[in-house]
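Asks: First the structure, then my questions, so here it is.
The values are calculated or read from the model by the stated rules, or taken from the named source; none is laboratory data. Computed from a prediction, not measured in an experiment: that's the story for all the values here. Because the Cβ atoms are built from the backbone with ideal geometry, glycine has one as well, and the counts that use them run over all protein chains shown.
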Amino acid sequence: MTTPTLMPYDEALARFEPVLGIETHIELGTYSKMFCGCATSFGAEPNTQVCPVCLGLPGSLPVTNHAAIEGIIKIGLALNCSIVEWCRFARKNYFYPDMPKDYQISQYDEPLCVDGYLEVEVDGAVYRVEIERVHMEEDTGKSLHVGGATGRIQGADHSLVDYNRAGIPLVEIVTKPIPATGDKAPLVARAYATELRELVRSLGVSDVRMEEGSMRCDVNVSLMPRGASEWGTRTETKNVNSLRSVERSVRSEIERQAGVLDAGGRIVQETRHFHEDTGRTTSGRSKEEAQDYRYFPEPDLVPMAPSREWVEELRGSLPELPAARRRRVQGEWGLSDLELRDVVNAGAVELIEATIAAGTDAGSARKWWMNELSRRATEQGTELAELPITPEQVARIQAMVQAGELNDKLARQVFEGVLAGEGTPDAVVAARGLKVVSDDGELVSIIDGVIADNAAVADKIRAGKVAAAGALVGAVMKATRGQADAGRARELILERLGAS
Amino acid sequence: MAGNPIDRRNGFHMLDEHAAQGGAITRDQAAHLARLSRLALGDDELGRLAAQLDQIIAAVARVQEVAADDIPPTSHALPLTNVYRADEIRPSLTPEQALAAAPAAEGGRFRVPRILDEEA
C-alpha cells in the first residue's frame, strides 16, 4: 500500500466540504455495574470486580440498574431528546474476548432517547449539533496485548483480559451528520466534545474523564467536493481520548482524505486509529468486512417503559445546565463576550461562582482565578480546577485584602504558599509573617526617610502637585518590601507634607 | 452509527433473506454464518448444514403465514416491563474463583490467543 500524500489543510478546505459525525461513549458513575452488583472502581486489581453475570457464566441472569436508566434519561433530557415510551435492549453478537458472553447488551433500533440537539459555539458562531440517539449499553473488558509492540494488537503473541470494566453502564450518544462547518470542522468537533463533557459533568452522572476512558469519542469524517450535494464515503476514527485529539484527528483526516481524492483514489469506509504521537490516523478494520452483529431483542431483560411522570420528575430535577449558567453569570458578573469566553475556556466558571458564594465580590473572584491562578496553572501545565487551592481559600485571602490585612502583593505570596502546600491562607500568613504595616508610628518613620531621600519630589507635593505622591508611595512600598498599606501610606505622606 | 439507516428487521434477518430468495439457504450463507461463529467447517459439512438450516428456517418461517398485520412481533413471553434493581454493590468473586474456569491465565488476567485485525 502506498502512503497517500496529505493535502495542506487550507487547500483541502478550498476544494472540499467536510461532514462530521461523532459517537461518544460515556461511562456512568454508578456504584454498581449495569446488570450486576459488582463495583465499578477505576484502577482496581484485575478481575476483582467480576461475578457470574459480567463473566457471562452459564445460568446467570442480568437485572437492570435503576440508577443507570435514571442517568441516561437525564442525559437525554439535557440534550433536548424525546424519551421513548417503550424500548428494549438488544444483543449485539460478536466474537471477541473483551465480552465473555460473546455478545454485548446494547440497544439497536429502539434507543431510549431520540432526536435532540446540543448547541456549541466556535469563534462567536453557534452550531446546532443534532443528536440522532442516546442509547444504553454495557462497557467491555480491557485487553492487554502481549508481545510485539507494547499494548498494540499487531505482532502480539497473546492477549490478557481484565473484566473489571465489562458491564459498567455505558451511554452512547450519536450525532446526526454535521454539515456546513467548513474550515471550522475540527473546532466544531472539539467544541461539541467539550460542551458534551461539561453538560454531563453538570448532571453529576459521570466523571467524564477522557484520560481515564470514562468518555471516549469516535469521530466520523467525510469529504465532498465543494458544490456537490452527495456526501462522500466516511471513515470512523476510534477512541480519540482527549479534546485536543478530537480536533487534531478531524484535521488530519481531512488532509488525508483530500490527498487520496486528489490523487484519484477512493476513500474506503473503515475504522481508523488515531496516534497521539504523530497526530495521524492509520487504517484499522475495514467496515466492508465488519461483522454482521445479528442483533436481536435481549430475551433476558424485559422492555423498559419509563413513565411520563418519572421522566417529568427527572426533567424537574435537572440542575442549571452549562449554557444557561454561562448566560446567567455573564449578566451577573458584567462580562463581555470575550471575557466570558476566556472564563469558560479556563474552566473557571464554577470556581469563580464558588468563590463568590464564599463571600468574595465577582470582580475580585474573577481577578484572582483568571490572572494569578491561571498564570500559575499554565506554569505548572495543569488545569485551574487541579490547583491545590479551594474557592473558600481564595475567598479567605480576598477577605484579608478587603480588611486591609494584606495588599495584593502580599496576597500573591499567600497564594504561592498555599499552592506550595504550606497550609491554609491563615497558616501561610502566620508562618511567613506576612502583614501589612499599618502601625502609623513605624510607617511615619519610614515615610520621613523617604521624604528626606526624595526632597525634590516632596517639594512638588508641598507646592500642590498631589499626583507626585505616587512616586513616594512606591518608595515606601519598596522600603517595606510590600508590607505597607499603600492607601494609608499615601494619606500619611500628604499629611506630613501639608498637602492633605 | 451516524448516517446508517437502522435496519428494522431486528433478528428476523434470516427469515427475510430466506423469503427474498424464494426459500433456500445457500452454501455461501452457511459459510458466512460459520465464519461469524468461528467454526471451521469443511465443504461437505457446509453443504449438509446449509440443507439442514434451510429446513429449520422453512419451519420457523411458517409462523409468517399466520402473522397478520394486526399481530405485533413478540419478543418476550411475559407482559412485564420496568424490572430494575437498586444501585447497590454486591460481593464479587475472588480473582481465583473468577479465573478458575479459564483455560489459561496470567497475572490475574484471562489469557487468550492473539486476535488479528478484529479490534472491536
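Asks: Give the residues of region A:109-126 that are in a strand (DSSP E or B) and surrounded by fewer than 20 Cβ atoms within 10 Å (Cβ to Cβ), sorted by residue number. Spell out how you get there, then give the answer.
Replies: Step one: filter region A:109-126 for residues in a strand (DSSP E or B), giving A:113-122, A:125-126.
A:Val114, A:Asp115, A:Tyr117, A:Glu119, A:Glu121, A:Val122, A:Ala125, A:Val126, listed by residue number.
Asks: Need the failing condition index for A:Val302 against (1) closer than 30 Å to A:Gly76 by Cβ; (2) in a helix (DSSP H, G or I); (3) free of Cβ contacts under 8 Å to residues at least 60 places away in the same chain, just the number.
Replies: Going through the list (1) closer than 30 Å to A:Gly76 by Cβ; (2) in a helix (DSSP H, G or I); (3) free of Cβ contacts under 8 Å to residues at least 60 places away in the same chain, A:Val302 breaks only (2).
Asks: Identify, by number, the condition in (1) of a type in the set (Asp, Glu); (2) closer than 18 Å to A:Val349 by Cβ; (3) exposed (fewer than 12 other Cβ atoms within 10 Å of the Cβ) that A:Glu379 doesn't meet.
Replies: So A:Glu379 meets the others, but not (2).
Asks: Follow-up question, since we're still on this one. With the checklist (1) farther than 24 Å from A:Glu298 by Cα; (2) facing chain B (nearest Cβ under 8 Å) in hand, flag the one item A:Val122 doesn't pass.
Replies: (2)
Asks: Here is a further query. Conditions first: (1) without any contact (Cβ under 8 Å) to a residue 12 or more places away in the chain; (2) more than 14 Å from chain B (Cβ to nearest Cβ); (3) not in a helix (DSSP H, G or I). A:Ala180 passes all but one, so which condition is the exception?
Replies: Exception for A:Ala180: condition (1).
Asks: Follow-up. Is it true that some residue in region A:56-64 is within 19 Å of A:Ser214 (Cα to Cα) and either buried (at least 23 other Cβ atoms within 10 Å of the Cβ) or facing another protein chain (nearest Cβ under 9 Å) (or both)?
Replies: Keep residues of region A:56-64 that are within 19 Å of A:Ser214 (Cα to Cα), which gives none.
No: region A:56-64 contains no residue that is within 19 Å of A:Ser214 (Cα to Cα) and either buried (at least 23 other Cβ atoms within 10 Å of the Cβ) or facing another protein chain (nearest Cβ under 9 Å) (or both).
Asks: I've got another one for you. Return the pair list, or none, for Cβ contacts closer than 6 Å from residues in region A:337-356 that are over 14 Å from A:Leu373 (Cα atoms) to residues that are at pLDDT 90 or above and in a helix (DSSP H, G or I), at least 6 apart or on different chains.
Replies: Final answer for the pair search is A:Leu340/A:Gln330; A:Ala354/A:Pro391; A:Ile356/A:Ala362; A:Ile356/A:Ala365.
Asks: Can you name the residue in region A:72-118 that is among the basic types (Lys, Arg) and more than 11 Å from every other protein chain (Cβ to nearest Cβ) and is also farthest from the chain's Cα centre (by Cα) among such residues? Lay out the reasoning, then the answer.
Replies: Let us first name the residues in region A:72-118 that are among the basic types (Lys, Arg), namely A:74, A:88, A:91-92, A:101.
Filter once more, so that each one left must be more than 11 Å from every other protein chain (Cβ to nearest Cβ): A:74, A:101.
Details: A:Lys74: 19, A:Lys101: 34 Å.
Step by step, filter region A:72-118, then rank; the result is A:Lys101.
Asks: Within region B:57-89, which residues are hydrophobic (A, V, I, L, M, F, W, C) and either within 29 Å of A:Pro97 (Cα to Cα) or modelled with pLDDT of 90 or more (or both)?
Replies: First, the residues of region B:57-89 that are hydrophobic (A, V, I, L, M, F, W, C): B:57-61, B:63, B:66-68, B:71, B:77-78, B:80, B:83, B:86, B:89.
B:Leu80, B:Val83, B:Ala86, B:Ile89 - these are the residues of region B:57-89 that are hydrophobic (A, V, I, L, M, F, W, C) and either within 29 Å of A:Pro97 (Cα to Cα) or modelled with pLDDT of 90 or more (or both).
Asks: Run down A:Gly363, A:Gly359 and say which single residue is over 30 Å from A:Ala78 (Cβ atoms), in contact (Cβ under 8 Å) with a residue 40 or more places away in the chain and surrounded by fewer than 16 Cβ atoms within 10 Å (Cβ to Cβ). Walk me through it before giving the result.
Replies: Numbers: A:Gly363 fails: in contact (Cβ under 8 Å) with a residue 40 or more places away in the chain.
It is A:Gly359.
Each row is one residue, and each column tells you yes or no for (1) among the aliphatic types (A, V, I, L, M); (2) more than 14 Å from chain B (Cβ to nearest Cβ).
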{"residue": "A:Thr237", "(1), (2)": "no, no"}
{"residue": "A:Ser242", "(1), (2)": "no, yes"}
{"residue": "A:Ala263", "(1), (2)": "yes, yes"}
{"residue": "A:Tyr293", "(1), (2)": "no, no"}
{"residue": "A:Ser307", "(1), (2)": "no, no"}
{"residue": "A:Glu313", "(1), (2)": "no, yes"}
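Asks: Ok, one more. Quick one: is A:Gly464 exposed (fewer than 15 other Cβ atoms within 10 Å of the Cβ), modelled with pLDDT under 90 and either not in a strand (DSSP E or B) or not aromatic (Phe, Trp, Tyr) (or both)? Show your work before the answer.
Replies: Working: exposed (fewer than 15 other Cβ atoms within 10 Å of the Cβ): yes; modelled with pLDDT under 90: yes; either not in a strand (DSSP E or B) or not aromatic (Phe, Trp, Tyr) (or both): yes.
Here the answer is yes, as A:Gly464 does meet what is asked.
Asks: Working only within region A:30-55, note down all residues that are assigned to a strand (DSSP E or B) and surrounded by 20 or more Cβ atoms within 10 Å (Cβ to Cβ). Before you say what the answer is, go through the steps one by one.
Replies: Going residue by residue through region A:30-55, those that are assigned to a strand (DSSP E or B) are A:32, A:39.
A:Ser32, the sole residue that qualifies.
Asks: Working carefully through the options B:Leu93, B:Leu80, find the one that is within 12 Å of chain A (Cβ to nearest Cβ) and surrounded by fewer than 15 Cβ atoms within 10 Å (Cβ to Cβ). Don't jump to the end; show me each part of the working.
Replies: On the way: B:Leu93 fails: surrounded by fewer than 15 Cβ atoms within 10 Å (Cβ to Cβ).
Sole residue among the options that is within 12 Å of chain A (Cβ to nearest Cβ) and surrounded by fewer than 15 Cβ atoms within 10 Å (Cβ to Cβ): B:Leu80.
Asks: Next question, about the same structure. Please work out which one of (1) touching a residue at least 60 places away in the same chain (Cβ under 8 Å); (2) facing chain A (nearest Cβ under 7 Å) is the condition B:Pro73 fails and give its number.
Replies: It is condition (2) that B:Pro73 fails.
Asks: So which residues in region A:227-255 are assigned to a loop (DSSP other than H, G, I, E, B) and among the acidic types (Asp, Glu), if there are any at all?
Replies: To start, the set of residues in region A:227-255 that are assigned to a loop (DSSP other than H, G, I, E, B) comprises A:227-234, A:241-242.
Selection gives A:Glu230 alone.
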